[in-house]
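Participant: The structure that follows is given in the form of structure tokens.
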There are 2 protein chains.
Amino acid sequence: MTARPIDGREIAARIRAGVAAEAAALERSSGIRPGLAAVLVGDDPASATYVKMKRKACEEAGLASRVIRLPAETSQEELLSRVTELNADPGIHGILVQLPLPTQIDERAVVRAVDPDKDVDGFHPLNVGRVALGELDETFVPATPAGILRLLDETGVELRGAEAVVLGRSAIVGLPTALLLLHRSATVTICHSGTRDLASHTRRADVLVAAVGKPGFVTAAMVKPGATVIDVGINRVTDGDGKPRLVGDVDFDQVSNVAGWLTPVPGGVGPMTIAMLLENTLAAARRAPGVMGAAEARR
Amino acid sequence: MTARPIDGREIAARIRAGVAAEAAALERSSGIRPGLAAVLVGDDPASATYVKMKRKACEEAGLASRVIRLPAETSQEELLSRVTELNADPGIHGILVQLPLPTQIDERAVVRAVDPDKDVDGFHPLNVGRVALGELDETFVPATPAGILRLLDETGVELRGAEAVVLGRSAIVGLPTALLLLHRSATVTICHSGTRDLASHTRRADVLVAAVGKPGFVTAAMVKPGATVIDVGINRVTDGDGKPRLVGDVDFDQVSNVAGWLTPVPGGVGPMTIAMLLENTLAAARRAPGVMGAAEARR
């Protein structure tokens, strides 16, 4: 068997085109242009790259984009006051504070300071609770788990009653992915560093989501034949010839001989994350006060 | 093998005595007497009984207790305005609205109207999110899941790395219990009505929590020898001689020959629920503004 690939780039491009069309329609009907603000503190090159990619994606989709750059030595008070300004700014519908933050800042306090109605990252505990309760129309689902579910939907694989195994229990990926799968009526098992006999779990998975951050962690022997495998890992490794390369948590070459569907890295989950962030920003703008039909959007 | 029973009555009595001692100490040191308000709408006899039991337990533990009785035809607006009054009342630290509510009232709107800092039932989405994130010192864990974890702790059974299987995914019992077990580093599987081959899951469970509402649903063949089995069901059945009797979701006689630990029904999880509600009310009072050491209590 050779696994069918799930083409995250193509699916993400389609979603982004859809967001562009919907955003243009929203602007025509209400005069409101969805706006995303990204707060970047310090000079972490990876963070700067992510923010740049998000900004570019916004611009391509016709969303307003603002980047607030703050120096590495910014105090928590100063950052919180910037967040408060953005909360009050009617031109900004989505706010993201790029993590990680410098050590003098309490990340949790910053995450909680973001207005839950503008929390397009879905990190605020109120939005986490709404995801846990399955109130998905009233929350923002974090972008990576939302992207994972979209990829699964694209395969057409039945989730109801499926055995779903999630490797990793992080608040940003593993846990919300497990909750979303549960709300789709999969039987969900959450595995993590404390799990014994991991392979006994992964081998019964119809749907296997790997979010562990270890290159090639999932081998062919750990995968049920025909399973749908979603690889969330993005690990930088060095090839034999000294060249850097990105690989996932799944041994792609091996597992593609066993799985039924498999996401590549890069080009699988990665591109979906920004697409779902744009969707969340569009949803935030639609729910904003003063938008026609806002009551319906909120239900 | 004959399973050792987990005596919820004895453990609950100990917790209630502890709450009584702590509440008395709090009153001596701060002048604050923890207070619980229960709102009862309509004439449902089971609801009336629960509220009466909670009031009695409060009084025995030296907590202030207030019951607000409203007629079955109370409007949502009226109920919300009562909740708002209680939110503002400094003598009330915990508020519970007894569910179910009459059909003209939107339960979700009422649950969300309760101040999260007084939400001793732990039903507000913000508190659900904090439980999901493992921020247990800043939330209220719903009483039944909290009681289940306490029973498990009393057995001394190691949860880290244990295979835990939860039957039922309700927002009040199954889901939060699964999240608490996950935060204790168990490998957690959540099963429900859509699960295929349920016994294959239950048979590998070191810890099995049954919250399905079906009398005798869990049979001996579904239980791993030596497992710790927590029976959350409270089902009213009629004996051969026509007498009503309470039974759990677990076939007690059968499963006690297989399990290592087993909770009885009645006398297992049931008594824990009110004890944990009292603990939550005490915690709410400790965190209330003006209480000495409140900053520490909140962390």
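Participant: Please work out the C-alpha center-to-center distance from the range A:238-296 to the range A:123-162 and express it in whole Å.
Facilitator: Answer, in whole Å: 13.
Participant: Sticking with this structure for a sec: Of A:Gly268, A:Thr195, A:Ala211, whose Cα points farthest to the positive end of the dipole of the range A:181-281 (charges on the beta-carbon: +1 Lys, Arg; -1 Asp, Glu; origin at the Cα centre)?
Facilitator: Checked the options; the winner is A:Thr195.
Participant: Now for a separate question. Treating the beta-carbon of each Lys and Arg as +1 and of each Asp and Glu as -1, no other charges, what is the dipole magnitude of the range B:30-115 about its Cα centre, to the nearest 20 debye? Please list the in-between numbers first.
Facilitator: Working: 10 positive and 12 negative charges, 75 e Å.
Result for the range B:30-115 is approximately 360 debye, rounded to the nearest 20.
Participant: B:Thr2 versus B:Thr49, label points 7 Å from Cα toward the beta carbon: distance in nm?
Facilitator: With each label point 7 Å from Cα toward Cβ, the separation is 3.0 nm.
Participant: Then there is this: Can you give me the % of accessible surface on chain A that is carbon or sulfur? Probe 1.4 Å, all protein chains present, nothing else counted. Write out the running numbers ahead of the final one.
Facilitator: On the way: 6720 of 12670 Å².
Carbon and sulfur: 53 percent of the exposed surface of chain A.
Participant: Between A:Val237 and B:Thr219, what FRET efficiency follows from the Cβ-Cβ distance if R0 is 45 Å, with the result rounded to 0.05? Present the calculation step by step, with values, prior to reporting the outcome.
Facilitator: Details: r = 50 Å, r/R0 = 1.10.
After rounding, the FRET efficiency stands at 0.35.
Participant: Moving on to the next point. Smallest Cβ-to-axis distance in chain A, for the rotation taking A to B: which residue, how many Å?
Facilitator: A:Gly129, 2
Participant: Just the accessible area per residue of the range A:30-115, please: how many Å² with a 1.4 Å probe?
Facilitator: On the way: 4210 Å² over 86 residues.
Heavy-atom SASA per residue in the range A:30-115 reads 49 Å².
Participant: May I pose another question? Hey, which lysines would be in cross-link range of A:Lys224, C-alpha to C-alpha under 21 Å, not counting anything within fewer than 8 residues on its own chain?
Facilitator: Counting by Cα, and skipping residues close in sequence, A:Lys224 has these lysines nearby: A:Lys214.
Participant: Which of the helices in chain B, when you take each full DSSP H run, stretch at least 24 Å along the axis at their Cα atoms and have an average Kyte-Doolittle score of -0.5 or higher? Could the numbers behind the result be given before it?
Facilitator: Working: long enough: B:8-30 (32 Å, 0.02); B:269-287 (27 Å, 0.62).
Helices meeting the criterion: B:8-30, B:269-287.
Participant: Further question on the same structure: List the distances, in nm to one decimal, from the label point of B:Gln254 to the label points of the same position in every other copy, shortest first, placing each label point 7 Å from Cα along the Cα-to-Cβ direction.
Facilitator: Spacings between copies for this position, smallest first, are 4.1 nm.
Participant: Say R0 is 35 Å: what FRET efficiency, to the nearest 0.05, do B:Arg245 and B:Ser170 get from their beta-carbon distance? Before the final figure, lay out the partial values.
Facilitator: Values: r = 24 Å, r/R0 = 0.69.
Plugging the Cβ-Cβ distance into 1/(1 + (r/R0)^6) gives 0.90.
Participant: For the interface of chains B and A, what total accessible area is buried with a 1.4 Å probe, rounded to the nearest 100 Å²? Before the final figure, lay out the partial values.
Facilitator: On the way: alone 14110 and 14110 Å², together 25340 Å².
Summed over both sides, the interface buries about 2900 Å².
Participant: Take chain A, mark every one of the GluC sites (Glu not before Pro) that falls in a DSSP loop and has at most 14 other Cβ within 10 Å, then report the longest stretch left between them, sites excluded.
Facilitator: On the way: sites that count: A:Glu73, A:Glu158.
Segment A:159-299 is the longest.
Participant: Once both labels are modelled 7 Å past Cα along the beta-carbon direction, what's the B:Arg160-B:Arg66 spacing in nm?
Facilitator: 4.5 nm
Participant: With charges only on Cβ, +1 for K and R and -1 for D and E, what is the dipole size of the protein assembly as shown about its Cα centre, in debye, rounded to 20? Spell out each step's value before the answer.
Facilitator: Details: 66 positive and 72 negative charges, 86 e Å.
Charge dipole, the protein assembly as shown, about its Cα centre: 420 debye, nearest 20.
Participant: Then there is this: Using Cα-only point scatterers and the Debye equation, what is log10 of I(q)/I(0) for chain A at each q in 0.08, 0.12 Å⁻¹, rounded to two decimals?
Facilitator: -0.36, -0.81
Participant: Below 8 Å between Cα atoms, with a sequence gap of 6+, how large is the relative contact order for chain A in percent? All intermediate terms of the calculation are to be shown ahead of the outcome.
Facilitator: Working: 602 pairs, mean separation 68.2, N = 299.
Relative contact order here is 23 percent.
Participant: Give the Cα extents of the protein assembly as shown along the principal axes, in whole Å, largest first.
Facilitator: Over the protein assembly as shown, Cα extents along the principal axes are 74, 53, 44 Å.
Participant: Could you order the peptides A:237-244, A:216-223, B:112-119 from most to least packed, using the average number of other C-beta atoms within 10 Å per residue? Don't skip to the end; give the middle numbers.
Facilitator: Values: A:237-244: 7.8, A:216-223: 19.2, B:112-119: 21.6.
Highest to lowest by the protection proxy: B:112-119, A:216-223, A:237-244.
Participant: Can you list, shortest first in nanometers, how far A:Gln104 lies from the same residue in the other copies, with each label 7 Å from Cα toward Cβ?
Facilitator: For A:Gln104, the inter-copy label distances come out at 5.8 nm.
Participant: Quick one: what do you get for the range B:143-270 if you divide its Cα Rg by 2.2 N^0.38 Å?
Facilitator: The range B:143-270 yields a ratio of 0.98.
Participant: If you don't mind, there's one more thing I want to ask. Run the dipole for the range B:149-299 about the Cα centre, Lys and Arg Cβ at +1, Asp and Glu Cβ at -1, nothing else charged, and hand back the magnitude in debye, nearest 20. Working shown, then result.
Facilitator: Numbers: 16 positive and 14 negative charges, 107 e Å.
The calculated dipole for the range B:149-299 is roughly 520 debye.
Participant: Put a point 7 Å out from Cα along the line to Cβ at A:Val67; what are the distances to that point in the other copies, in nm, shortest first?
Facilitator: Taking the point 7 Å beyond Cα along Cα→Cβ, the inter-copy spacings are 6.3 nm.
Participant: Mind checking the full-extension length gain between A:Asp197 and A:Ala17? Use 0.36 nm per residue of separation minus the Cα-Cα distance, one decimal, nm. Mind showing how you got there, number by number?
Facilitator: Working: separation 180, 0.36 × 180 = 64.80 nm, distance 4.34 nm.
Between A:Asp197 and A:Ala17, full extension yields an extra 60.5 nm.
The values are calculated or read from the model by the stated rules, or taken from the named source; none is laboratory data. Since this is a predicted model, take the numbers as computed values, not measurements. Quick reminder, even Gly has a Cβ in these numbers, built from the backbone with ideal geometry, and neighbours come from all protein chains shown. Heavy atoms of the whole protein, side chains included, go into the accessibility calculation; ligands, DNA and RNA do not. Shrake-Rupley method; radii C 1.70, N 1.55, O 1.52, S 1.80 Å.
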